Amino acid sequence: QKEVEQNSGPLSVPEGAIASLNCTYSDRVSQSFFWYRQYSGKSPELIMSIYSNGDKEDGRFTAQLNKASQYVSLLIRDSQPSDSATYLCAVWDSGGYQKVTFGTGTKLQVIP
Amino acid sequence: EAGVTQFPSHSVIEKGQTVTLRCDPISGHDNLYWYRRVMGKEIKFLLHFVKESKQDESGMPNNRFLAERTGGTYSTLKVQPAELEDSGVYFCASSHSAHSYNEQFFGPGTRLTVL
């Protein structure tokens with residue numbers, strides 16, 4: 001079983017709609033969760049981090065965490081064509097090693 | 001403030017050759033990480049430096065890979081001899097501290113192609 005799982009997509013949404021990106025993880029003791037955005041050929045860029053159960057909002061982005069279900073999601077409201085990118089879910093390994101484990105990413109396409 | 005830089009941006013070598021990748025972290029960042037993304041797979045952790053010391057090298061694939069960070073500034077990752085399966089994008093990241101809430105800033109990556 002993969003440690004961090006994401007649907008590879010592509011996820012296509014019309015401009016102005018809500019894009020919902022999902023991620024599940026296998027390590028129950030994981031404490032920190034991140035969403036990175038990666039444009040084609042570019043480096044990953046951190047857009048959201050979340051550490052506690054519930055929702056965290058930042059502008060058009062909302063991260064949701066449910067540790068009991070081992071599930072983290074990212075909602076993008078009022079999606080724009082510029083949001084088209086691959087979104088990487090990442091989980092902080094809270095075991096003996098301090099490292100980040102990534103999912104394979106979900107490709108989002110926002111259609112004008 | 002300059003971001004994380006990596007050199008070269010692309011490298012094409014033949015199987016059996018040696019390649020050295022370089023990463024310059026953000027100034028003042030003690031923590032430096034190497035990651036690799038093989039086509040179609042997730043970004044995978046290779047190793048973590050704290051200053052010049054290897055904190056965790058559990059992700060290094062095998063002994064053909066050697067990472068160094070002399071003086072605790074820039075880091076190099078050498079692959080010798082390179083194999084076909086080493087092809088991928090090698091990312092470097094740095095952070096001020098290793099705490100889970102501390103953002104890791106990624107460099108643009110080096111795309112390595114082994115023929």
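Among the residues in region B:14-25, are any aliphatic (A, V, I, L, M) and modelled with pLDDT of 95 or more?
yes
Just to be sure, is B:Pro61 modelled with pLDDT of 95 or more and over 13 Å from B:Leu21 (Cβ atoms)?
No; evaluated as a whole, the condition is false for this residue.
If the condition is being among the β-branched types (Val, Ile, Thr) and touching a residue at least 40 places away in the same chain (Cβ under 8 Å), then region A:48-83 contributes A:Val72, A:Ile76. For region B:58-74, a residue qualifies if it is within 16 Å of B:Asp30 (Cα to Cα) and within 13 Å of the chain's Cα centre (by Cα), and the qualifying residues are B:Ala67, B:Glu68, B:Arg69, B:Tyr74. Of note, A:Leu21 does not satisfy the criterion of being closer than 19 Å to A:Trp92 by Cβ, aliphatic (A, V, I, L, M), more than 10 Å from the chain's Cα centre (by Cα) and in a strand (DSSP E or B).
When the residues of region B:68-88 are narrowed to those that are crowded, with 20+ Cβ neighbours inside 10 Å and hydrophobic (A, V, I, L, M, F, W, C), which ends up nearest to the other protein chains (Cβ to nearest Cβ)? Checked region B:68-88; the qualifying residue nearest to the other protein chains (Cβ to nearest Cβ) is B:Leu77.
The residues in region B:78-101 that are free of Cβ contacts under 8 Å to residues at least 60 places away in the same chain and more than 14 Å from the chain's Cα centre (by Cα) can be counted, and the count is 4.
Put simply, of A:Tyr87, A:Tyr25, A:Tyr39, A:Tyr51 the only residue that is within 14 Å of chain B (Cβ to nearest Cβ) and touching a Leu at 6+ places or on another chain (Cβ under 7 Å) is A:Tyr87. What about B:Ser27, is it closer than 17 Å to A:Gly41 by Cα and more than 14 Å from chain A (Cβ to nearest Cβ)? Judged against the criteria, B:Ser27 is not a match.
The values are calculated or read from the model by the stated rules, or taken from the named source; none is laboratory data. Please read these numbers as outputs of a predicted model, since none were measured by experiment. Glycine gets a Cβ as well: all are built from the backbone with ideal geometry, and neighbour counts include every protein chain shown.
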